[in-house]
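Worksheet for the structure shown next.
Derivation of every value follows stated rules applied to the coordinates shown; laboratory data play no part. Computed from a prediction, not measured in an experiment: that's the story for all the values here. We place every Cβ from the backbone using ideal geometry, glycine too, and count neighbours over all the protein chains shown.
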Amino acid sequence: MWKEVLAYQQEHKEFNAFLQEVSARLGRPLNHGDNATLLYLITTAGIPAMSVLMAVGYAVSIGKSSIRYVESVVLGWADEEIITPEQVDVNLR
């Protein structure tokens, strides 16, 4: 999967900024598995990057800073059809 992540990074420069922002919010560098999970959430699951960033912020705020936790939150939201940043914002209130 790391080849797919690298190819996506080369084609979508904004993905690099997204990864840097996630890393900054988590307070640690991302590993290849983290990058692959984030790529999956955005491309395959179809979750907007801003919604994923909001999930990262939420996870950090409750002391859960693993990408696996973020993934479970985002996919749980998706199951409830909470996908857009606006829907996420309402859900987090």
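Using +1 on the beta carbon of Lys and Arg, -1 on that of Asp and Glu, and nothing else charged, what's the dipole of the chain about the Cα centre, debye to 20? Can you show the working numbers first?
Details: 7 positive and 11 negative charges, 82 e Å.
I would put it at about 400 debye.
Under 11 Å from the 7 Å Cα→Cβ point of residue 25, by amide nitrogen: which residues of the range 42-69?
Only 49-61 pass the distance filter.
Only Lys, Arg, Asp and Glu count, each charged at its Cβ (+1, +1, -1, -1), so figure out the dipole size of the range 4-55 about its Cα centre, rounded to 20 debye.
On the way: 3 positive and 5 negative charges, 34 e Å.
Taking the Cα centre of the range 4-55 as origin, the dipole is about 160 debye.
Using the Karplus equation 6.51 cos²θ - 1.76 cosθ + 1.60 (θ = phi - 60°), what ³J(HN,Hα) coupling, rounded to whole Hz, does each residue of the range 46-62 give in order, writing x for Gly and Pro?
In residue order, the calculated couplings are x, 8, x, 4, 4, 5, 5, 4, 5, 5, 4, x, 4, 4, 4, 5, 9 Hz.
Treat each spin label as a single point 7 Å out from the Cα along the C-beta direction, and report the residue 66 to residue 50 distance in nm.
About 3.0 nm, to one decimal.
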